[in-house]
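Undergrad: Take this structure, written in structure tokens, and hold onto it; I'll ask about it next.
The values are calculated or read from the model by the stated rules, or taken from the named source; none is laboratory data. Worth saying up front: this structure is predicted, and the values here are computed from it rather than measured. Cβ atoms come from the backbone with ideal geometry, glycine included; neighbour counts cover every protein chain shown. Calculation scope for accessible area: heavy atoms of the full protein, side chains included, ligands and nucleic acids excluded. Shrake-Rupley method; radii C 1.70, N 1.55, O 1.52, S 1.80 Å.
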Amino acid sequence: MDKVHPLPLSRRDAVPWAYAAAGTAAIVTYLVTSSPARYMLAALVSASVVPAIAVGVARNKPSSALPWYLFAAGMAPYAAADVIWGLYQVRGEEVPFPGVADMLFLGSYLLLAAGLVMLARQQAGRLHWAGLLDAGIVTLGFAILSWAFIIGPYLRSELSSWPLAVSIAYPATDLMLLSMAARLMLTISTPTPSLLLCVGWLVILLAADGFYYGTQATTGTAIAEDLSEMGWMLSSLLLGAAALHSSVAQPALPAKSQERLPRRRLSILIALILMGPLIVLANVGGIRSQPVNVTVIVGMMAGLSLLLVLRVAFLAQYAQGRAIALAASLREQTDLQKQLSHQATHDPLTGLANRALLNERLESVLGRCSANSSAGLVMLDLDGFKDVNDTLGHPAGDELLVDVAGRLTGRVRDQDLVARLGGDEFALLVEGVDARTLHDYTTRLLDAFTDPFVLTHGCSIQVTTSIGARSVTEPTTPTEALRDADTALYRAKTAGKNQAAFFESPH
């Protein structure tokens, strides 16, 4: 069987642009044609969205097709309403209001809103309260505009209850779509091309609705209906192109942090919050003489203020969390630096100072030695330590070294430095001692090995040590001091071990 190769991305994405080009030709034909039959072009364009979505889902296979099926289900009654509306125009008859077309239009908006809810859940992931608050502020801000320019004028008209309810239902469903769209866009960071086309669909659809119903509410008749019709046709094309675009299968990246409030978004939210006071101050449509409308707008402004307070609370909580996280990160970094510094200057087995730290301290102490400020350097290693490793194993040898380190640190002063130079070799830097005191010091160190060492499982080991020491009464280098102490240690071992020897200068 022949292997099927997918079309290159450029050829796949040529389909939505071809669809959009055909629809644009229909819009241009609508604008340049004066025949009443042109109104059926709007029905043709909106009806084309249903098969376009079906083809797009079949070709691109999005991870969840349900939102797009809901869009298709919503566009079907929308197209049917366009057909009814167009037939009345072709016959030159007035479209009944409210009528079947209105019920179909309003029903389609409910299905479209359901599709937006599912798309937002798919694209944005889990619920983010900060994003919902931002969407609520956007919706309430535009609700103030809708009340001032559409709903309020409708309420002041002479429409009876049923036509009035249907008239108000249009801007109400528009606000519902707006809230769903805001919820979607404010919870993602990088929209896909398909998602941008969906945004264009909603923006143009809501703008066309707002212009049509706004002019109808304020003047009693819609102004420049062709402009609104062109907007509705264009919005339908964008929805069909969104479904046909290959990126419909790619999920958008959710925003990394919903609590953070970018400066551009903050500016938009503040502008929407100021919308109500500006409308009242400008006395749009004589609104200040209408107590009911003023009360509603003030109520919406109060709701906006509450949402903004909650949004600022989220922002403060986010900032506090960031500050706590930063402080914790700094503490971890400081602890890590201390740990690395300790590892660089200390023996990993015993925790004693290593040769590097001993050399550093030696250079500081030995450089200022004098007859009135002397120091002593002691070196020691364990007698027969190799036999311990050979008979009991290296783990026992390591345990012995740890116990030796503990005994040594227990026999010295706090200001003295105990270091492990490697293997079973240790060194001690003792400040403020003369030759006699250093002799007593080494005797205490030999006594530290009198008692046997008890290792794990009750194993008892008797270990002795050989010590070499040098008293320093004049400035010298660490290299010389270590060499001299090592010479004394060699003398102690050759003399029979388990004893201390002192370096004697040949001068």
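Undergrad: Return the total of residues in the stretch 27-46 being buried (at least 19 other Cβ atoms within 10 Å of the Cβ) and small (Gly, Ala, Ser).
TA: Residues that pass the stated criteria total 3.
Undergrad: Right, something else. With respect to Arg183, determine if the residue is over 23 Å from Val298 (Cα atoms), free of Cβ contacts under 8 Å to residues at least 12 places away in the same chain and either of a type in the set (Lys, Arg) or surrounded by 20 or more Cβ atoms within 10 Å (Cβ to Cβ) (or both). Before the answer, list the steps.
TA: Details: over 23 Å from Val298 (Cα atoms): yes; free of Cβ contacts under 8 Å to residues at least 12 places away in the same chain: no; either of a type in the set (Lys, Arg) or surrounded by 20 or more Cβ atoms within 10 Å (Cβ to Cβ) (or both): yes.
Answer is no for this residue.
Undergrad: Ok, one more. Could you give me the residue pairs with C-beta distances under 9 Å whose first residue belongs to the stretch 112-134 and is closer than 24 Å to Ser236 by Cα and open to solvent by 20 Å² or more (accessible area, probe 1.4 Å), whose second residue is assigned to a loop (DSSP other than H, G, I, E, B) and modelled with pLDDT of 80 or more wherever it lies, and which are 6+ apart or on separate chains?
TA: Hits for this filter: Met118/Ser64; Arg121/Ser64; Gln122/Pro62; Gln122/Ser63; Gln122/Ser64.
Undergrad: Would you point out the residue of the stretch 48-79, among those that are over 37 Å from the mean Cα position of the chain (by Cα) and open to solvent by 40 Å² or more (accessible area, probe 1.4 Å), that is farthest from Ser247 (Cα to Cα)? Even if it seems obvious, please write down each step before you answer.
TA: So in the stretch 48-79, the residues over 37 Å from the mean Cα position of the chain (by Cα) come out as 48, 50-51, 76-79.
If we keep only those that are open to solvent by 40 Å² or more (accessible area, probe 1.4 Å) as well, we get 50-51, 76.
On the way: Val50: 19, Pro51: 18, Ala76: 24 Å.
Checked the stretch 48-79; the qualifying residue farthest from Ser247 (Cα to Cα) is Ala76.
Undergrad: Which of the residues spanning the stretch 280-310 are on the phi > 0 side of the Ramachandran plot and hydrophobic (A, V, I, L, M, F, W, C)?
TA: Answer for the stretch 280-310, where residues must be on the phi > 0 side of the Ramachandran plot and hydrophobic (A, V, I, L, M, F, W, C): there is none.
A quick yes/no check of all residues on (1) open to solvent by 70 Å² or more (accessible area, probe 1.4 Å); (2) out of contact with any Gly (no Cβ under 8 Å at 6 or more places or on another chain):
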| position | (1), (2) |
| --- | --- |
| Gly286 | no, yes |
| Ser289 | yes, yes |
| Asn293 | no, no |
| Ile297 | no, no |
| Ala302 | no, yes |
| Ser305 | no, yes |
| Arg311 | no, yes |
| Gln317 | yes, yes |
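Undergrad: Could you check Val294 against (1) among the aliphatic types (A, V, I, L, M); (2) at pLDDT 80 or above; (3) in a loop (DSSP other than H, G, I, E, B) and say which number it fails?
TA: All conditions pass for Val294, except number (3).
Undergrad: Among the residues of the stretch 411-441, write down those that are farther than 14 Å from Thr465 by Cβ, out of contact with any Asp or Glu (no Cβ under 7 Å at 6 or more places or on another chain) and surrounded by fewer than 15 Cβ atoms within 10 Å (Cβ to Cβ).
TA: Correct list: Arg413, Asp414, Gly422, Gly432, Asp434, Ala435, Arg436, Thr437, Asp440.
Undergrad: Run down Leu164, Leu206, Leu202, Leu196 and say which single residue is crowded, with 21+ Cβ neighbours inside 10 Å and among the aliphatic types (A, V, I, L, M).
TA: Leu202
Undergrad: Going residue by residue through the stretch 143-161, is there one that turns out to be surrounded by 20 or more Cβ atoms within 10 Å (Cβ to Cβ), under 23 Å from the mean Cα position of the chain (by Cα) and touching a residue at least 40 places away in the same chain (Cβ under 8 Å)?
TA: Checked the stretch 143-161: no residue is surrounded by 20 or more Cβ atoms within 10 Å (Cβ to Cβ), under 23 Å from the mean Cα position of the chain (by Cα) and touching a residue at least 40 places away in the same chain (Cβ under 8 Å).
For every residue, the table says whether it meets (1) modelled with pLDDT under 90; (2) within 30 Å of Trp147 (Cβ to Cβ).
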site	(1), (2)
Thr190	yes, no
Gly200	no, yes
Ala224	yes, yes
Leu227	no, yes
Gly231	no, yes
Ser247	yes, no
Gln258	yes, yes
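Undergrad: Are any residues in the stretch 431-471 aromatic (Phe, Trp, Tyr) and part of a loop (DSSP other than H, G, I, E, B), and if so, which ones?
TA: Within the stretch 431-471, just Phe449 meets the criteria.
Undergrad: Then there's this: Against the definition (outside any loop (DSSP other than H, G, I, E, B), within 30 Å of Pro96 (Cα to Cα), modelled with pLDDT of 90 or more and not aromatic (Phe, Trp, Tyr)), how does Ala26 come out, yes or no?
TA: The answer is yes for Ala26.
Undergrad: Please go through (1) surrounded by 19 or more Cβ atoms within 10 Å (Cβ to Cβ); (2) more than 19 Å from Leu352 (Cβ to Cβ) for Phe449 and return the number of the only condition it doesn't satisfy.
TA: Result: Phe449 fails condition (2) only.
Undergrad: Looking at the stretch 80-92, can you tell me whether even one residue there is of a type in the set (Ser, Thr, Tyr), closer than 27 Å to Glu225 by Cα and in contact with a Ser or Thr (Cβ under 6 Å, 6 or more places away or on another chain)?
TA: Within the stretch 80-92, none of the residues are of a type in the set (Ser, Thr, Tyr), closer than 27 Å to Glu225 by Cα and in contact with a Ser or Thr (Cβ under 6 Å, 6 or more places away or on another chain).
For every residue, the table says whether it meets (1) over 19 Å from Asp484 (Cα atoms); (2) of a type in the set (Phe, Trp, Tyr); (3) open to solvent by 70 Å² or more (accessible area, probe 1.4 Å); (4) assigned to a helix (DSSP H, G or I).
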{"position": "Ala327", "(1), (2), (3), (4)": "yes, no, no, yes"}
{"position": "Leu330", "(1), (2), (3), (4)": "yes, no, yes, yes"}
{"position": "Asp335", "(1), (2), (3), (4)": "yes, no, yes, yes"}
{"position": "Gln339", "(1), (2), (3), (4)": "yes, no, yes, yes"}
{"position": "Gln343", "(1), (2), (3), (4)": "yes, no, yes, yes"}
{"position": "Ala356", "(1), (2), (3), (4)": "no, no, no, yes"}
{"position": "Glu360", "(1), (2), (3), (4)": "no, no, yes, yes"}
{"position": "Val365", "(1), (2), (3), (4)": "no, no, no, yes"}
{"position": "Arg368", "(1), (2), (3), (4)": "no, no, yes, no"}
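Undergrad: Quick one: what pairs do we get from the stretch 385-409, first residue over 14 Å from Asp347 (Cα atoms), second of a type in the set (S, T, N, Q) and open to solvent by 80 Å² or more (accessible area, probe 1.4 Å), C-beta under 9 Å, 6+ apart or different chains?
TA: none
Undergrad: Among the residues of the stretch 263-272, count how many are touching a helix residue (DSSP H, G or I) at 6+ places or on another chain (Cβ under 7 Å) and either open to solvent by 30 Å² or more (accessible area, probe 1.4 Å) or among the basic types (Lys, Arg) (or both).
TA: Qualifying residue count for the region: 1.
Undergrad: Still on this structure: Which numbered condition in (1) under 19 Å from Gly367 (Cβ atoms); (2) open to solvent by 10 Å² or more (accessible area, probe 1.4 Å); (3) in contact with a strand residue (DSSP E or B) (Cβ under 6 Å, 6 or more places away or on another chain) is the only one that Glu480 fails?
TA: (3)
Undergrad: So how many residues does the stretch 374-417 have that are part of a loop (DSSP other than H, G, I, E, B) and either of a type outside the set (D, E, K, R) or under 27 Å from Asp434 (Cβ atoms) (or both)?
TA: Residues in the stretch 374-417 being part of a loop (DSSP other than H, G, I, E, B) and either of a type outside the set (D, E, K, R) or under 27 Å from Asp434 (Cβ atoms) (or both): 9 in total.
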